[in-house]
Amino acid sequence: MTWSLNEIEALSRKAARGAGYSWGLAEDAGRAVRWLEARGLLGAETLADHLKRVDGQDLGAFTPDADSWTAPGGTACPILAGTMLADGMAGSGSDPLVLSNMASPLLLLPFLSWMASAQGRTVGIAVSDTAVTLSPEGTLFQTKGIPSPASAPVTLRFGVDPAGDPVAEGLRSACSADTVAALNIFAHRTYAPATEESRLAGAGAGLTDND
């Protein structure tokens, strides 16, 4: 079964909010998952796994410092770090830029793509012995399959020449039903509890017999 990218983006946004992210960061998470799924990458599954790991924890412990790019808890969140990078907080600092321990680094790719577009320069990413390049036009180049480890060091290099094959964009997500179910668990936390009035209003005829 496949899903529309709109469906997956909306579900991912609600799931991230249900796991404790602000609505603004949840919007970014939803867009990031859409970007990954459009390129055949495991965005939704990676987000579901990431939310399970951070659920109930203080997100401040996962927020990296903009100078050292390390987080107080030891592992940086890709949504928090990615938003900072996309907003230009890395500036024109050291090249390469090393992110010593990034949780779910696959989720970082869309933010780096937006960073590349905003700054008009390519961004090369090395993670788990895989080289990936993002062009300012939003094209993803890869030399081999992109892994999705739970955490790993990430090295960024700027202005590099794209290497590898461009990844085509699709219009549907092929994420599994199990992944959708896992995201729904978090998304349901954003729904208001049903009242007797709302239950009747949503039940068609309610107590009125129209036959």
Fill in the blank from the handout: The strands (runs of 3 or more DSSP E) lying wholly within segment 92-145 that contain at least 1 residues that are within 18 Å of Ala168 (Cβ to Cβ), in contact (Cβ under 8 Å) with a residue 40 or more places away in the chain and within 17 Å of the chain's Cα centre (by Cα) are 140-142
Fill in the blank from the handout: The one condition Glu37 fails out of (1) crowded, with 22+ Cβ neighbours inside 10 Å; (2) assigned to a loop (DSSP other than H, G, I, E, B); (3) not polar (S, T, N, Q) is (2)
Completion exercise
Gly164 vs (1) of a type in the set (Gly, Ala, Ser); (2) over 18 Å from Trp69 (Cβ atoms); (3) surrounded by 15 or more Cβ atoms within 10 Å (Cβ to Cβ): all pass except (3)
Exercise for the section: Would you mind stating whether Glu27 is surrounded by fewer than 23 Cβ atoms within 10 Å (Cβ to Cβ), in contact with a Lys or Arg (Cβ under 7 Å, 6 or more places away or on another chain), part of a helix (DSSP H, G or I) and on the phi < 0 side of the Ramachandran plot? Expected result: yes
Practice task
Mind listing whichever residues of segment 146-161 are in a loop (DSSP other than H, G, I, E, B) and either free of Cβ contacts under 8 Å to residues at least 12 places away in the same chain or surrounded by fewer than 16 Cβ atoms within 10 Å (Cβ to Cβ) (or both)?
Solution key: Pro147, Pro149, Ala150, Gly159, Asp161
Fill in the blank from the handout: Checking Ala66, Ala118, Ala90 in turn, the sole residue that is more than 20 Å from Glu37 (Cα to Cα), surrounded by fewer than 24 Cβ atoms within 10 Å (Cβ to Cβ), touching an Asp or Glu at 6+ places or on another chain (Cβ under 9 Å) and small (Gly, Ala, Ser) turns out to be Ala118
Exercise for the section: Within segment 176-184, identify whether any single residue is modelled with pLDDT of 85 or more, surrounded by 14 or more Cβ atoms within 10 Å (Cβ to Cβ), touching a strand residue (DSSP E or B) at 6+ places or on another chain (Cβ under 9 Å) and not in a loop (DSSP other than H, G, I, E, B), and answer yes or no. Expected result: yes
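The values are calculated or read from the model by the stated rules, or taken from the named source; none is laboratory data. Computed from a predicted model, the values in this text were never measured in an experiment. With ideal geometry, Cβ positions are generated from the backbone for all residues, glycine too; neighbour counts draw on all protein chains shown.
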